[in-house]
Amino acid sequence: MAIAVPAVIKEARRRQRLRRGGIGIAVVAAVVALTATWAGGGFEGGGGPGSPLEFRSETGWTLSYPGALHRRAFDMRGFGFHAYGVAVGNFDPLPEAVSPDDPRPLHIPARGVLFQLYVLDGDLDAPLGSKGRLPLTVRDFAGFGNAPAMYLFTANGYGFAAVAAAGRDASPSDRQALSRTIQSVRLPRLRVGQITGSVGFYVAKRLSAYPLGSVTGVHPAKLSPFYVINDRHGLRVVGWQGLACDVQLDRARRQFFCPGGGRWDSFGNTIVNPPAAKQIEPLVRYATATSQGHLLVTERVAYVAGCAAALARTVRDCPNYQPVSSSSRTS
């Protein structure tokens, strides 16, 4: 039977695709069970503890595993699909990640154990999965014990897929080795100003630096300027691209403006269009994430704002033009 993972990943990718001028996303937080074929074989005595070895990925995350286990690094690419990471287990050959373009059953020997950890990249505009916390444990894998299980999570701006499996006859020592390998996953510490993740997240300050009621301007060296707004509507980031001015903050009105003309509300909706603009010029809201207590911001995934309510009722060029109907007008 074909593995269930590709369909889940495809749906997550479909729901996360964004484009400038598009709409919001529905991020998929998924813990899904896989379908497996329990094959015969495996190691009679199990992998055993062995001397610990370390795997270090190209993006800096690491895991440790007993030297008696096998390891296989992989880097798979397909149409709109990229998965790179490692498989650790007590049988050989170890399987790579399952590609949505070529779904195949996951074969685990009856006495086998397997752990896979890999980054899911490709045409995903935002990392997929719920926010992960370390250390990982087997409890993160719903259904583990009855069948192999997958856990999708995000960390450091990357979307990760983790797969854990233990055959029905796996020895207690191999199960313990599997558990320790899962718990050994470590991520590099984030630093303010660095770029991380599949879609180029800028690492901003810790969330505590943006308290409720604050509007904070950020001028990073590697990105366009933006403002972090935290109010009763939540925390959001508003920036701009292509405007011929440095957008300023009007703290009294909690609005943004250009000194030469042009004004926007705190969501980036146009209140007064810049005088030289040939079309409505709303600001943009950048996608955000959090990791290790830091705010992450990427301008590669943006939501174009519209017009403020008064303008949207009168100007047809507004992206969110909604004229007042004649039946709703009062005399």
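No value in this document is a laboratory result; all are computed from the given coordinates. Note that the structure is a prediction, hence the values are computed from the model and not measured. Please note: Cβ atoms are built from the backbone with ideal geometry, for glycine as well, and neighbour counts cover all protein chains shown.
A protection proxy built from the mean count of other Cβ atoms within 10 Å ranks the segments 164-174, 248-258, most packed first, as 164-174, 248-258. Maximal additional length on extending the V272-T62 stretch stands at 70.5 nm, based on 0.36 nm per residue less the C-alpha distance. Which trypsin sites (Lys or Arg not before Pro) in segment 173-216 pass both tests, a DSSP loop state and at most 11 other beta-carbon atoms within 10 Å? Here the sparse-neighbourhood loop sites are R189, R191. The Cα atoms of segment 230-331 give a gyration tensor whose axes a ≥ b ≥ c have a/c of 1.5 or more with a/b greater than b/c, which makes the shape prolate. Subtracting the Cα-Cα distance of K131 and R316 from 0.36 nm times their residue separation leaves 62.6 nm of extension gain.
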